[in-house]
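Values quoted throughout were computed directly from the atomic coordinates according to the rules given, and no laboratory measurement underlies them. Since the structure is predicted, the reported quantities are computational estimates derived from the model, not experimental observations. Cβ: placed from backbone, ideal geometry, glycine included. Neighbour counts: every protein chain shown.
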Amino acid sequence: MLLTAAGLAAGVALVPGRSGDLIVVFSGEMKGYLSPCGCTKPMLGGIARRGAVIERLARGERPILLENGDLTAADGRQDELKAETIADAFGAMGYDAVGLGEKDLELGEEFLQAIQARTSARLICANLTDTAGRRLFARSVTLQRRIGGVRRTVVVSAVMARRQLAPEGFRISDPAEALKPLARAGDVRILLFHGRRQDAEALVRKVPGFSLMVYAHGPDTPAPPVRIGSTTLACSGTSGKYLGVARLSASGTVRSVSSVALGESVGTNSRIEAIRRAYLARVASENLLDMAPRSPLPAGAAYAGTEACKACHSDAHRVWSGSSHARAMGTLRAAGQDRDPECVPCHAVGVAHEGGYLDGKLPSLAHVGCESCHGPSARHVEDQGIRPPRGGPASCSPCHVPAHSPKFRYETYWSKVRH
């Protein structure tokens with residue numbers, strides 16, 4: 001048996017299995033990442049790339065498609081739009097089940113029930129009820145598949161770690177107790193566990209009998225799978241950048257676990273891309289960028305715009321003009337995300353503050369300009385004796401975070417724009 005967590009940057013050439021194996025595609029903690037995001041190539045992820053990989057895998061026996069919770073960050077209206085978009089995309093891709101995570105619960109029961117009504121993918125969690133003990137979602141889904149020429153019943157269950165604090169209106173019971181009735185159901189059993197690896201290991205020792213357990217809250221990249229008894233534990237990473245792929249025999253033995261990196265070379269699925277584009281259109285139509293909260297600037301401070309700096313700082317302006325900072329909004333426009341309030345703050349000046357860049361307005365504040373690093377400088381333009389702050393690593397860190405810019409090193413990047 002081969003167990004590997006090697007991410008495959010190109011295509012979907014998976015580790016060797018056998019013809020007729022059951023293919024299980026799994027991932028978790030999308031955190032609302034519908035598109036590739038970052039300023040370091042290769043950028044990974046995106047639901048349209050996910051759709052392309054799944055389309056290829058589905059050309060043989062139909063795979064089982066699973067997601068292990070935390071679809072979004074559950075932070076306001078935009079994440080509601082994302083959750084609806086993910087539901088639409090999962091329905092189009094033929095997802096079988098979504099195990100719920102703590103972030104999903106923050107969307108509220110009413111919204112989650114609307115999501116369930118919107119998609120064919122079943123929302124499941126065996127140890128979740130309301131405070132009165134009423135079950136809110138199914139404990140499991142039962143699927144029929146031919147594995148190695150034999151018709152088998154596959155039961156997919158989901159639980160959350162009890163340590164997760166339940167939002168108001170929900171109750172999370174002991175996962176081991178909730179799973180006992182399911183540990184012998186069907187011919188092949190798969191568990192989506194929304195909890196950390198150490199909790200997953202403890203749980204599988206209490207309730208054996210599952211072939212594959214997918215856990216959460218692991219590293220950002222796929223973790224090496226481990227085997228405890230007859231159960232293989234696996235985690236696919238976060239933010240929708242990878243898909244885990246497990247191959248199981250008719251007896252439920254996990255033959256292999258691999259991962260597929262959702263890089264540019266895997267292509268895109270046009271139907272899922274259309275769903276993503278429809279989401280961006282909704283973000284724009286609801287004017288979410290201009291509705292984003294903005295904090296006031298210090299008394300007397302105001303933005304001047306990059307062109308106001310050119311007359312006195314021509315050499316610095318020339319260096320800036322040749323940098324990717326000067327084209328930052330252009331990259332968003334090309335991707336159709338120039339009205340996305342999650343993207344624009346790192347591609348324009350002062351979006352988080354009053355007087356900063358607005359949707360399509362104040363073009364002098366478009367792109368990563370002088371005041372992105374030096375702060376609002378209108379008073380300096382009027383009186384050169386008032387010195388703006390010097391830039392430095394602290395100016396870069398809000399946007400060049402590891403998730404979006406994993407190769408960022410201040411000294412290396414500064415050498416490209418030194419002025």
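Take every DSSP beta bridge with both residues inside the chain and express the antiparallel ones as a percent of the total, to the nearest 5.
Numbers: 30 of 58 bridges.
Among the beta bridges of the chain, antiparallel pairing accounts for roughly 50 percent.
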Beta carbons within 10 angstrom, averaged per residue: use that to sort the peptides 371-382, 294-305, 212-223, highest first. 212-223, 371-382, 294-305
Ordering of 409-418, 321-330 by burial proxy (mean other Cβ atoms within 10 Å per residue, highest first): 321-330, 409-418
Residues meeting the amide H criterion for residue 123 (H placed from the backbone, H to H distance under 5 Å, 5 or more places apart or on another chain) are 98
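Charges at C-beta only: +1 for Lys and Arg, -1 for Asp and Glu. How large is the resulting dipole of the stretch 298-417 about its Cα centre, in Debye rounded to 20?
Charge dipole, the stretch 298-417, about its Cα centre: 360 debye, nearest 20.
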Which FRET efficiency value, to the nearest 0.05, do you get for residue 286 and residue 416 by plugging their Cβ-Cβ distance into 1/(1 + (r/R0)^6) with R0 = 30 Å? 0.25
Using +1 at the C-beta of Lys and Arg and -1 at the C-beta of Asp and Glu, which of 85, 216, 58 has the Cα lying farthest in the positive direction of the dipole of the chain? 58
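Which of the three applies to the stretch 185-292, rounded, prolate or oblate, going by the alpha-carbon gyration tensor with a ≥ b ≥ c and a/c under 1.5 meaning rounded? Please report the intermediate quantities before stating the final value.
Working: a/c = 2.60, a/b = 2.01, b/c = 1.29.
Cα axes put the stretch 185-292 in the prolate bin.
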Towards the positive end of the charge dipole of the chain, with charges on Cβ (+1 Lys, Arg; -1 Asp, Glu), say which of 328, 375, 289 has the farthest Cα. 328
Rounded, prolate or oblate: pick one for the chain, where a ≥ b ≥ c are the square roots of the eigenvalues of its C-alpha gyration tensor, a/c under 1.5 means rounded, and failing that, prolate if a/b is larger than b/c, else oblate. prolate
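Assigning unit charges at the beta carbon (Lys, Arg +1; Asp, Glu -1) and nothing else, what dipole magnitude in debye, to the nearest 20, does the chain show about its Cα centre? Intermediate values should be presented prior to the final figure.
Values: 52 positive and 40 negative charges, 338 e Å.
The calculated dipole for the chain is roughly 1620 debye.
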How long is the gain from residue 151 to residue 227 if the chain were fully straight, where each residue apart is worth 0.36 nm and the alpha carbon distance is subtracted? 24.8 nm
If I take every Cα pair under 8 Å that is 6 or more residues apart in the chain, average their sequence separation and divide by the length, what percent do I get for the relative contact order? 18
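Please state the shape class of the stretch 40-160: rounded when a/c is under 1.5, otherwise prolate if a/b exceeds b/c and oblate if not, all from the C-alpha gyration tensor. Intermediate values should be presented prior to the final figure.
Values: a/c = 2.26, a/b = 1.15, b/c = 1.96.
In terms of gyration-tensor shape, oblate.
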Using packing as a proxy for protection, rank 66-77, 348-359, 308-319 so that the peptide with the highest average count of other Cβ atoms within 10 Å comes first. 66-77, 348-359, 308-319
19 Å reach of a label modelled at residue 109, 7 Å along Cα-to-Cβ, counting backbone N of the stretch 171-194: 171-174
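Quick check on the stretch 298-417: what does the Kirkwood estimate of hydrodynamic radius come out to from the alpha carbon pairs, in Å? Could you put the intermediate results ahead of the total?
On the way: mean 1/r = 0.0671 Å⁻¹.
14.9 Å is the Kirkwood radius here.
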Pseudo-spin-label distance residue 390 to residue 120, built 7 Å along Cα→Cβ, given in nm, is 6.2
Along Cα→Cβ, 7 Å out, is where each label goes; now give me the distance between the ones at residue 144 and residue 361 in nm to one decimal. 6.0
